Amino acid sequence: MAKNELICLALVYHQQSYAYAMSEFLQSLGLNQWAHISKPSLYTALRRLEKEGCLNVNQVRVGEMPERKIYSITPLGIERFRKECRDGLISVDSGEDLFALALTFNTVLEPSESILALQERKRRLCSLHSELQEKLQKTQEHQVRHSEILCQMGMDVKELEIRATDECIELYQNDPEFFTVRLKKLYTGMMAQYA
């Protein structure tokens, strides 16, 4: 999964847009900082998605300005966005922040689909926690103190992630329209400011 593609698909899923407006929107959310997406990587991802048939591009001239490329999502792009969101919600790899990005932009999956993905994430996190617990026991047997500390730290992080996943499941169960209606409306309104 590629985080830049997930972000680009999310932005044009809500409303057709051009690259500069998308970049400004990401900057307003601070995503350029915590998701580490730069303008060049955004443009590269848009070109790649266009070549893959996930985005349509139309050239539009506004007044005396040079032509702009306006991106809109295709049916293939919607399917790819759904897959990226599902995969991101399941992801337990913290290196790319895919879970946080999928949770931030998931307005495409039905709540029941999101809950299933989050339950799978929880199962994987519990499995990783168990593996760390076994490693901790082995390091304690061999009295390798620094490894004990690292294993315990990893277990603490997994416990926190499990609790956060439970809270997300609860949010989807108690307020199913939060992501599919209200968040989508919020993003559409925010993107309109950059049109």
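The values are calculated or read from the model by the stated rules, or taken from the named source; none is laboratory data. Since this is a predicted model, take the numbers as computed values, not measurements. No Cβ is skipped: glycine too gets one built from the backbone with ideal geometry, and neighbour counts run over all protein chains shown.
Tell me whether segment 94-102 contains one or more residues that are of a type in the set (Asp, Glu), over 18 Å from residue 25 (Cβ atoms) and surrounded by fewer than 16 Cβ atoms within 10 Å (Cβ to Cβ). No.
Going through 128, 136, 132, 160 one at a time, which residue ends up being aliphatic (A, V, I, L, M), in contact (Cβ under 8 Å) with a residue 12 or more places away in the chain, in a helix (DSSP H, G or I) and closer than 25 Å to residue 104 by Cα? Only one candidate qualifies: 128. Checked against (1) of a type in the set (Ser, Thr, Tyr); (2) surrounded by 16 or more Cβ atoms within 10 Å (Cβ to Cβ); (3) without any contact (Cβ under 8 Å) to a residue 60 or more places away in the chain, residue 13 passes all but a single condition, namely (3). Might you check whether a residue that is within 22 Å of residue 99 (Cβ to Cβ) and of a type in the set (Val, Ile, Thr) occurs anywhere in segment 44-58? Among the residues of segment 44-58, not one is within 22 Å of residue 99 (Cβ to Cβ) and of a type in the set (Val, Ile, Thr), which makes the answer no.
How many residues, within segment 21-51, are surrounded by fewer than 16 Cβ atoms within 10 Å (Cβ to Cβ) and polar (S, T, N, Q)? Final tally of qualifying residues: 5.
Residue by residue through segment 73-99, note down the ones that are outside any helix (DSSP H, G or I) and at pLDDT 95 or above. Selection gives 73, 74.
Looking only at residues in segment 26-63 that are in a strand (DSSP E or B) and of a type in the set (Val, Ile, Thr), the one that is nearest to residue 11 (Cα to Cα) is 57.
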